[in-house]
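What follows is calculated from the coordinates using simple rules that are stated; it is not laboratory data. Keep in mind it's a predicted model, so treat the numbers as computed, not measured. Ideal geometry is used to build each Cβ from the backbone, glycine not excepted, and the neighbour counts take in all protein chains shown.
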Amino acid sequence: MKTLKFLMFIGVISIGLLAFDKIQQDEWPVPAKYQKMKNPTEADKENLALGKSLYAKHCKSCHGKEGLGDGPKAEEVDGNLGDFSSKEFQSQSDGALFYKSYFGKDDMPNYEKKMTEEDMWLVIHHLRTLAE
């Protein structure tokens, strides 16, 4: 009987730890420096067009044309690709979006060697156009 109780205790603890690990994986902490950053580029017609073009080249294959996480490569990616039109996504600061998009995490690639910081800021302008 003691063995059964012990095994049940171990099982409950294991499930709790797995659930905590899942919660931790879903979080994406952004350093304060980036939380407060403002987009240094202007959201004019030319920059919006450039941002859309860069998004199409680097992001659309996973995140989809409208940022719904339904691109042709989406099924190859573990984790949530997000919905860029959602209030939750759009409520993030420009700096937070820049940090997550530029530096990546897990299946989200790092773009430091693929595009300039200025180009990523242009993508952020495009992401803002995807709001609901």
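³J(HN,Hα) across region 122-132 via Karplus (A = 6.51, B = -1.76, C = 1.60, θ = phi - 60°), whole Hz, x for Gly/Pro?
Couplings: 5, 4, 4, 4, 5, 4, 5, 6, 8, 4, 4 Hz.
Consider a paramagnetic label point 7 Å from the Cα of Lys73 along Cα→Cβ; state which residues of region 99-132 have an amide N under 16 Å from it.
101-115
When we measure straight from the Cα of Lys73, which aspartates and glutamates land under 14 angstrom away, once same-chain ones fewer than 8 places off are left out?
Correct list for Lys73: Asp107.
For labels at Lys114 and Lys45 in the simple 7 Å Cα→Cβ model, what's the distance in nm?
Result: 3.0 nm between the two label points.
Kindly provide log₁₀ I(q)/I(0) values, in the same order as q = 0.22 Å⁻¹, from the Debye equation applied to equal alpha-carbon scatterers of region 29-132.
Log10 of I(q)/I(0), two decimals: -1.32.
To make sure I understand the rule: partners must be aspartates and glutamates, Cα under 12 Å from the Cα of Lys105, and not fewer than 8 residues away in the same chain. Which ones qualify?
The reachable aspartates and glutamates, counting only those whose Cα sits under 12 Å from Lys105, are Asp26, Glu27, Asp78.
Holding the Cα-Cα limit at 28 Å, pick out from Lys33/Lys65; Lys60/Lys113; Lys57/Lys87; Lys52/Lys87 the pairs that are longer than that.
Lys33/Lys65
Can you tell me how much longer the chain between Lys57 and Asn80 gets when fully stretched, taken as 0.36 nm per residue apart minus their C-alpha distance, in nm with one decimal?
Answer, rounded to one decimal: 6.2 nm.
Indicate the gyration tensor shape class of region 68-123 (rounded, prolate or oblate), computed on the Cα atoms with a ≥ b ≥ c the square roots of the eigenvalues: a/c under 1.5 is rounded; otherwise a/b larger than b/c is prolate and the rest oblate.
Because a/c hits 1.5 or more and a/b fails to exceed b/c, region 68-123 counts as oblate.
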